[in-house]
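Q: Provided herewith is a single structure, encoded as structure tokens, for subsequent inquiry.
The values are calculated or read from the model by the stated rules, or taken from the named source; none is laboratory data. All values derive from a computational prediction rather than experimental measurement. For neighbour counting, all protein chains shown are included, and Cβ atoms are generated from backbone atoms with ideal geometry for every residue, glycine included. Note: areas computed on protein heavy atoms with side chains; ligands, DNA, RNA excluded. Shrake-Rupley method; radii C 1.70, N 1.55, O 1.52, S 1.80 Å.
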Amino acid sequence: MMESIARDRIPPADASSPAASGGRPDAISERFISDVCARLAGNLRLRRMLPVWGRVHIDRQLPFLCVYRRRRGKEDAGTEKLVMGEASYLVATDRADLQRGLGLLIKNIVRAQVKNFGAFLLLEIWEGSQVPGRSGIRAPRPAFRVIASPRSPLGSTVAALETSLGRIRIRGERARVEVASVRSCSPEGLPRLMSDETAASLGCHLLGIEVSPIYRDAERHLNFPIILRTLHRRFSRALQMGLFEFVQSRTTQRPKHYLALGRRSFVKAVFEVDRELARISNDLDFLLAVSPTNVEAAWDEFRRLRFEREPEFIYRRLPLDPSLMKRRLFSIPIDRIEDPALAQVFHDQQIEFDRKLTMLMDRGSRSFLYGSLQLFGGVEPPLLSLSKAMLRRISPKSRDRFTRRGLDARAFAARAEREIEHYRSMHAKVFSRVEVRDDLSGVMVSHGNVLVGSDVRIPPSRVEALLCHEVGTHVLTYFNGRAQPFKQLYVGLPGYEELQEGLAVLGEYLVGGLSRSRLRLLAARVLGADSLVRGATFVDLFRVLHREHGFPRRAAFTVTMRIFRGGGLTKDAIYLRGLQDALNYFRKGGSEDLLYVGKFGLKHVPFIEEMRWRQILKPAPLRPRFLDGAAADRRIDRLRRTTSVMDLLERN
């Protein structure tokens, strides 16, 4: 290898040069190439700046390299991002005096990797011209041109790229893909990265992809970052599918999934963004901020008013300025994230936090409801029909029996402490605590801690179910999320609440504690959320629940209070919706262990699976105890045959 470098007479790097210290080098020197090859030989992560502009990033030993060369004097900002999310990429300037050194660097990278894989793919990506959209549609159509030499043996790889790129849709426009047989797989006007003869002698194959720059308006010099971000995510997925076919058919390796070819290491910017988003989440205790502190006093007032006028609810003073927190939120440099999957999740999280901060600014006003609809949605007709059917089928006389053995707040807190201790024995980093609080109604989990309202009393039939709901699901997924490299998995990915509550209710079923009255309560919450959106008043909903559906006055008040808190919160509809969605997941054969890795929604299951294939996520240290045992196995088996919550009702 070193003889080849010497023959090309690349000047050696001085010990004090930027290349030796990790900065940007003046040239691609012999020492620079030697260092690159040494790291590849040791299967170490390689990340080095290149002269003038650019970088080489190789995650680990891999049989491919994605290349982009930026053209001077041509407006193509953003195109380099399409390769910078891959596990093995090189972006560089097109400056003529650097092309010889760049070619030698690539040749030695190929030689080092071919030893491990038997073959190598060099894939160059560049910008082409825009393809107009269909008549009457302003958005340009995504388009790609896959280029291979006439004698290339990569027919199956080209076909895989053609298929995967053809599935890309941007703003309703499906991509057009052209396959071209051209001798040079490089951009017009630039020297080839490697001749066919050199490539053949090294066991290297060459392909090119020309991309239509739909993410920019060249005439007005405008970039469209949202379109670029969307294209990047989908292009990366398509690229990996094509690379997977190459690896399977041409190399000695047999990865089990195309996602296994994705990145496994991350730059510091990823963890900085993750940390800053987590800090904002820790400062933003949304649910506590929108929960009244005077529920008992409000109930007494409501009774004095003969249930004819909404009582006054008091909320905690905000220990933050939402406007200043928004400034912090949008100063987080998410645009520095190269990985398209993580960038999308972080952007979504940023948007969700922004909406919650806006809701806190609107707390107590009608605008609060509009923010709630954005975050939690309304009530779709099938869910409303299900809730009404449940209210008809379950008798109002179905109630959890209160006896003298019912647990008060401190007794339940003691039981919760013992349950937490069980999980702490499995994972020493479970630091959850239990607090009995006067400013709270009911039981909730906040930042991994169990908060118990001082006035609660839990019937014996509900104790185990409530423990598995709050500790076995919410606390457990919090600490499983903390065991992962990204803090967002304990903070909660955008929209995580729906699956969390669905899993928590399923946990109640698995311990035999999902009573008919509990199901009826979940149905009432859906009805309440729908009534709120349709314009019902506090008193209207209370009367419907009490007079038409037979709920005791206190139970009807509690449901109504939860629905109208803050100015109108549709969150309570997610319990029944989440339960139905979780049932559908199990019916389709989904793995129960996957859902407890952290806090996320069903829409993020593909993201979690991708992170697993890329060997980024760690095994979850905690497993709910209610998933173990013969009785749990039988109940899970029933869940896989269940098509509706109504089936649970029959079995219950």
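Q: Given Pro340, Pro311, which one is over 19 Å from the mean Cα position of the chain (by Cα) and surrounded by 13 or more Cβ atoms within 10 Å (Cβ to Cβ)?
A: Selected residue: Pro311, the only one of Pro340, Pro311 that is over 19 Å from the mean Cα position of the chain (by Cα) and surrounded by 13 or more Cβ atoms within 10 Å (Cβ to Cβ).
Q: Right, something else. If Asp362 satisfies every condition in (1) buried (at least 18 other Cβ atoms within 10 Å of the Cβ); (2) among the acidic types (Asp, Glu); (3) within 24 Å of Gly442 (Cα to Cα) but one, which is the exception?
A: (3) is the only condition that Asp362 fails.
Q: Do we find a residue being out of contact with any Ser or Thr (no Cβ under 7 Å at 6 or more places or on another chain), of a type in the set (A, V, I, L, M, F, W, C) and at pLDDT below 95 anywhere in segment 156-176?
A: No: zero hits.
Q: In the list Ser454, Ser425, Ser432, Ser441, which residue meets the criterion of being farther than 19 Å from Gly513 by Cα and touching a residue at least 60 places away in the same chain (Cβ under 8 Å)?
A: Of Ser454, Ser425, Ser432, Ser441, the one residue that is farther than 19 Å from Gly513 by Cα and touching a residue at least 60 places away in the same chain (Cβ under 8 Å) is Ser441.
Q: So, of the residues in segment 135-181 that are open to solvent by less than 30 Å² (accessible area, probe 1.4 Å) and in a loop (DSSP other than H, G, I, E, B), which turns out to be nearest to Gln248 (Cα to Cα)?
A: Going through the qualifying residues, I end up with Leu154.
Q: If we only count helices (runs of 4 or more DSSP H) wholly inside segment 239-335, which ones have 2 or more residues that are over 21 Å from Met359 (Cα atoms)?
A: Filter on segment 239-335 gives 268-283, 295-304.
Q: Also, I was wondering about something else. Taking segment 109-127 only, how many residues are part of a helix (DSSP H, G or I) and in contact with a His (Cβ under 8 Å, 6 or more places away or on another chain)?
A: Residues that pass the stated criteria total 0.
Q: When you scan segment 594-620, how many residues do you find that are closer than 16 Å to Leu476 by Cβ and either touching a Lys or Arg at 6+ places or on another chain (Cβ under 8 Å) or surrounded by fewer than 17 Cβ atoms within 10 Å (Cβ to Cβ) (or both)?
A: Total meeting the criteria: 4.
Q: How many residues does segment 584-613 hold that are charged (D, E, K, R) and closer than 24 Å to His427 by Cβ?
A: 5
Q: Looking at (1) open to solvent by 20 Å² or more (accessible area, probe 1.4 Å); (2) touching a residue at least 40 places away in the same chain (Cβ under 8 Å); (3) aliphatic (A, V, I, L, M), which one does Ile226 not meet, given that it meets all the others?
A: All conditions pass for Ile226, except number (2).
Q: Within segment 11-33, is there a residue that is modelled with pLDDT of 95 or more, under 37 Å from the mean Cα position of the chain (by Cα) and open to solvent by 70 Å² or more (accessible area, probe 1.4 Å)?
A: Checking segment 11-33: not a single residue is modelled with pLDDT of 95 or more, under 37 Å from the mean Cα position of the chain (by Cα) and open to solvent by 70 Å² or more (accessible area, probe 1.4 Å).
Q: Right, something else. Could you tell me whether Arg254 is within 30 Å of Gln113 (Cβ to Cβ), among the charged types (D, E, K, R) and surrounded by 14 or more Cβ atoms within 10 Å (Cβ to Cβ)?
A: Criteria not met by Arg254.
Q: Answer yes if at least one residue in segment 370-387 is closer than 25 Å to Asn480 by Cβ, open to solvent by less than 10 Å² (accessible area, probe 1.4 Å) and under 30 Å from the mean Cα position of the chain (by Cα), and no otherwise.
A: no
Q: Limited to segment 397-421, what total is found for residues that are at pLDDT 75 or above and not aliphatic (A, V, I, L, M)? Break it down stepwise before answering.
A: Keep residues of segment 397-421 that are at pLDDT 75 or above, which gives 397, 406-421.
Among the residues that remain, those that are also not aliphatic (A, V, I, L, M) are: 397, 406, 408, 410, 412, 415, 417-419, 421.
Looking only at that region, the number is 10.
Q: Here's another thing I want to ask about it. Hey, can you tell me all the residues within segment 619-652 that are of a type in the set (S, T, N, Q) and either more than 29 Å from the chain's Cα centre (by Cα) or in a helix (DSSP H, G or I) (or both)?
A: Of everything in segment 619-652, just one residue is of a type in the set (S, T, N, Q) and either more than 29 Å from the chain's Cα centre (by Cα) or in a helix (DSSP H, G or I) (or both), namely Asn652.
Q: A further question on this structure: In segment 243-261, is there at least one residue being at pLDDT 95 or above, within 17 Å of Thr79 (Cβ to Cβ) and in contact with a helix residue (DSSP H, G or I) (Cβ under 9 Å, 6 or more places away or on another chain)?
A: no
Q: Hey, among the residues in segment 182-222 that are of a type in the set (Lys, Arg) and touching a Ser or Thr at 6+ places or on another chain (Cβ under 7 Å), which one's surrounded by the most Cβ atoms within 10 Å (Cβ to Cβ)?
A: Among those that are of a type in the set (Lys, Arg) and touching a Ser or Thr at 6+ places or on another chain (Cβ under 7 Å), it is Arg192.
Q: Next question. Which of the residues that make up segment 596-618 are closer than 20 Å to Pro255 by Cα and assigned to a loop (DSSP other than H, G, I, E, B)?
A: Within segment 596-618, Arg614, Gln615, Ile616, Leu617, Lys618 qualify.
Q: Then there is this: Working carefully through the options Gly495, Gly513, find the one that is surrounded by fewer than 23 Cβ atoms within 10 Å (Cβ to Cβ), part of a loop (DSSP other than H, G, I, E, B), touching a residue at least 24 places away in the same chain (Cβ under 8 Å) and under 28 Å from the mean Cα position of the chain (by Cα).
A: Going through Gly495, Gly513 in turn, just one is surrounded by fewer than 23 Cβ atoms within 10 Å (Cβ to Cβ), part of a loop (DSSP other than H, G, I, E, B), touching a residue at least 24 places away in the same chain (Cβ under 8 Å) and under 28 Å from the mean Cα position of the chain (by Cα): Gly495.
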